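What follows is a set of notes on a single structure, which appears directly below.
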Amino acid sequence: MTTENLPGLPEEPVARKGMFGVKDSGDTSGYNRLVVRRPPKLSSSRPYGSYFDDVADALEPAFADAVERVVVDRGEITFHVRRERLTEVMRHLRDDAALRFELSLGVSGVHYPEETGAELHAVYHLCSITHNRRIRVEVSCPDADPHIPSTVQVYPTHDWHERETYDFFGIVFDGHPALTRIEMPDDWEGHPQRKDYPLGGIPVEYRGAEVPAPDRRRSYS
Amino acid sequence: MSTTETATETQGRIYDVAGQDWDELVKTVSESADERLVVNMGPQHPSTHGVLRLVLTLDGETVTEARTVIGYLHTGIEKNMEFRTWTQGVTFVTRMDYLAPIFNETAYCMGVEKLLGITDRIPDRAQAIRVLTMELTRISSHLVAIATFGMELGATTPMLFGFREREMVLDLMEYITGLRMNMAYVRPGGVSVDLPAGAVDKIGEFLKIMPGRIKEMRKLLDANPVYTRRTKDVAYLDLTGCMALGITGPMLRAAGLPWDLRKSQPYCGYETYEFDVPTQNTCDVYGRYLVRMAEMEESLKIIEQALDRLSGPLKGGPVMIEDKKIGWPSQLALGPDGLGNSPDHIAHIMGSSMEALIHHFKLVTEGFRVPAGQTYASVESPRGELGAHVVSDGGTRPYRVHFRDPSFTNLQAVPATCEGGMVADVISAVASIDPVMGGVDR
């Protein structure tokens, strides 16, 4: 809907309608036009600026097909890598003289339920002490086939980090020496950091009024 | 109670140690033909720094296998934050590494500020207060590390000294923030309240007393033959091992690499302070102790410089970003109960301006929106690189916050430093890693 007064909305899918986290059709404005769209999927093109071009130059000749897209945002560069090539890319990032990302700061998982076919993301932050640089490598896998190759062989520090990501998101890191739960009890069911896993909690009475559990409270997001 | 002698195929013979005659136990164990003994240390053991559990396989007194079991203090902080506003997140992260709360807060706030794109607009006074409180916290955290370490080796004097000195820092923190620990003082955009009147003098007094106290501790431990024999050449981990295992902080600097984020990738204006990065190249427990001691001395230098700026050029400046959409609407002052309040602001919103009341209400209950994206912000905590991976979907709540806690990563060094050594050295090794289980399990 574009008029002279209103700028055209970006063609992104609708994240939600209305305000205050109402779950039914309710729109507190009464006009049913409060629409919040999903943030667009970013992709940057050259030049990336800063040292990012040097890193991309050293990485891309051998791995042009492995890097799906590159995002430069807020002074940080992210390489989205195909999961099949992850181990090779990581090894190259660690060993190549122009890259030398010796230190990995571990694995972090993120669950994007609306990204069909790439719901689960594993995010690796790498640091090069030689060149004093930082980059981010991101890998995704579908929820139906939650497998990502393990990088413990390249960065032994990923041992616990991959166990943690498996524990919280259910991403199976193929080739990990002992992929077991690390924070939750061994017999726990479900993976708590996923978006479809409820927070839980009970309502609390405070001065005669009932305060609902955190995930039942009115949300403004 | 006597030893239960249940022999199963998988577990072997089980000796139950629960308040029986120790002579009897030793006799039963020595009569056994088994050479391999699996000892379960923790999770409730005074030498494991909280609820860390170590499963040690012993051959005589030699550790052949050391396994670490964690998760006993997992409280779901990262999950909980996804249901609170960005500002409320501070009260959660401060409880992660509870010996260094200011560092958690700063890393998180730096992440949020990066996402908001306001990193350059944080007032200098707020940055200097952050540096000041971080360095105070570094001293208190290192003091606990050295104090508990002494106690675990059987030396109670370092413990008493360490906790006595730490108390001075905690008193200062209480005076500045209102709370001794878990203060939620650093907020996205600045800090919650300005330094109260008299804080500069109090910190100045502390700066006069502390160097002598550090010297006292050094006199007690640096050349102490019992101490050095328990620490020198124990739990060796060289630079290659540190890099592979992702170890940062004093452990890495004791392996000879002067890698300190305050120098290499400065934040909060650290590039404008003069200090050195102490290193050792012994790769052992004693080296880590020396690094920690020297770091406390360096921290005192930084505190002095920060104090000079706060009482000089930065005096009276704002401590919160001048952006009404992000910064808290009022300048709070600490009350006698430690809670901040502002009578002027209350009079304004309740008496004269409806719009100010609406604005206050919206900002406090709804919070501000953070543009979608992800970022990674890291600080040099007393234990190493503390990183916050902060993801936003454009809403008023964090979409995902992950903390790369140095305790979690450094604890992976237990097998590498303990296996092949004596069982008594496991205590030194774990203590020299200085893990804080609140940070490990989150």
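Would region B:31-38 turn up any residue that is part of a helix (DSSP H, G or I) and either open to solvent by less than 60 Å² (accessible area, probe 1.4 Å) or not assigned by the TED database to the domain that holds B:L386 (or both)?
yes
Assuming B:P329 fulfils every condition listed in (1) assigned to a helix (DSSP H, G or I); (2) more than 30 Å from B:K208 (Cα to Cα) apart from one, which condition is it?
Failed condition: (1).
Return the residues of region B:255-272 that are away from every other protein chain (no Cβ under 12 Å), surrounded by 17 or more Cβ atoms within 10 Å (Cβ to Cβ) and not small (G, A, S); say none if nothing qualifies. Can you show your working first?
Going residue by residue through region B:255-272, those that are away from every other protein chain (no Cβ under 12 Å) are B:255-256, B:262, B:267-272.
Restricting the remaining residues to those that are surrounded by 17 or more Cβ atoms within 10 Å (Cβ to Cβ) gives B:255, B:262, B:267-268, B:270.
Passing the criteria: B:R262, B:Y267, B:C268, B:Y270.
Count, please, the residues in region B:102-121 that happen to be open to solvent by less than 10 Å² (accessible area, probe 1.4 Å) and either β-branched (V, I, T) or at positive phi (or both). Reasoning before the result, please.
To start, the set of residues in region B:102-121 that are open to solvent by less than 10 Å² (accessible area, probe 1.4 Å) comprises B:102-109, B:111-113, B:115, B:118.
Within this subset, residues satisfying the condition of being either β-branched (V, I, T) or at positive phi (or both) are B:102, B:106, B:112, B:118.
Qualifying residue count for the region: 4.
Only one residue in B:L252, B:L239 is within 14 Å of chain A (Cβ to nearest Cβ), touching a strand residue (DSSP E or B) at 6+ places or on another chain (Cβ under 9 Å) and within 22 Å of B:V414 (Cβ to Cβ), so which one is that?
One residue alone meets the criteria, B:L252.
Looking only at region A:74-109, count how many residues are under 18 Å from the mean Cα position of the chain (by Cα), under 15 Å from A:V55 (Cβ atoms) and surrounded by fewer than 19 Cβ atoms within 10 Å (Cβ to Cβ).
Qualifying residue count for the region: 1.
Could you grab me the full set of residues in region A:46-70 that are in contact (Cβ under 8 Å) with a residue 24 or more places away in the chain and either assigned to a loop (DSSP other than H, G, I, E, B) or crowded, with 19+ Cβ neighbours inside 10 Å (or both)?
Across region A:46-70, the qualifying residues are A:Y48, A:S50, A:Y51, A:F52, A:V55, A:L59, A:V70.
Which numbered condition trips up A:I148, out of (1) farther than 28 Å from B:V69 by Cβ; (2) surrounded by 22 or more Cβ atoms within 10 Å (Cβ to Cβ); (3) away from every other protein chain (no Cβ under 12 Å)?
Condition not satisfied by A:I148: (1).
Determine which single condition A:D159 fails, assuming it passes every other condition in (1) facing chain B (nearest Cβ under 10 Å); (2) in contact (Cβ under 8 Å) with a residue 24 or more places away in the chain; (3) of a type in the set (D, E).
Going through (1) facing chain B (nearest Cβ under 10 Å); (2) in contact (Cβ under 8 Å) with a residue 24 or more places away in the chain; (3) of a type in the set (D, E) one by one, A:D159 breaks only (2).
Anything in region B:143-168 that is buried (at least 21 other Cβ atoms within 10 Å of the Cβ) and under 26 Å from B:P196 (Cα atoms)? List them, or say none.
Answer for region B:143-168, where residues must be buried (at least 21 other Cβ atoms within 10 Å of the Cβ) and under 26 Å from B:P196 (Cα atoms): B:L143, B:E165.
For region B:341-396, give me each residue that is surrounded by fewer than 21 Cβ atoms within 10 Å (Cβ to Cβ), within 12 Å of chain A (Cβ to nearest Cβ) and within 20 Å of B:S192 (Cβ to Cβ).
B:F361, B:K362, B:L363, B:V364, B:T365, B:E366, B:F368, B:T396
Scanning region A:112-168 for residues that are assigned to a helix (DSSP H, G or I) and either in contact with a strand residue (DSSP E or B) (Cβ under 7 Å, 6 or more places away or on another chain) or modelled with pLDDT of 95 or more (or both), which turns out nearest to A:L99 (Cα to Cα)?
Quick first cut of region A:112-168, residues assigned to a helix (DSSP H, G or I) only: A:158-168.
Filter again for either in contact with a strand residue (DSSP E or B) (Cβ under 7 Å, 6 or more places away or on another chain) or modelled with pLDDT of 95 or more (or both), leaving A:158, A:161-162, A:165-166, A:168.
On the way: A:H158: 19, A:H161: 23, A:E162: 23, A:T165: 26, A:Y166: 28, A:F168: 31 Å.
Ranking the candidates gives A:H158 first.
Among (1) away from chain A (no Cβ under 11 Å); (2) on the phi < 0 side of the Ramachandran plot; (3) open to solvent by 10 Å² or more (accessible area, probe 1.4 Å), there is one condition B:P415 misses while meeting the rest; what is its number?
With respect to (1) away from chain A (no Cβ under 11 Å); (2) on the phi < 0 side of the Ramachandran plot; (3) open to solvent by 10 Å² or more (accessible area, probe 1.4 Å), B:P415 is out only on (1).
So which residues in region A:162-174 are within 10 Å of chain B (Cβ to nearest Cβ) and of a type in the set (D, E), if there are any at all?
If the condition is that a residue be within 10 Å of chain B (Cβ to nearest Cβ) and of a type in the set (D, E), then A:E164, A:D167 are the ones that fit.
The values are calculated or read from the model by the stated rules, or taken from the named source; none is laboratory data. Keep in mind it's a predicted model, so treat the numbers as computed, not measured. Here the Cβ is made from the backbone with ideal geometry for all residues, glycine too, and neighbour counts use every protein chain on show. Please note that ligands, DNA and RNA were not included when accessible areas were found on the heavy atoms of the full protein model with its side chains. Shrake-Rupley method; radii C 1.70, N 1.55, O 1.52, S 1.80 Å.
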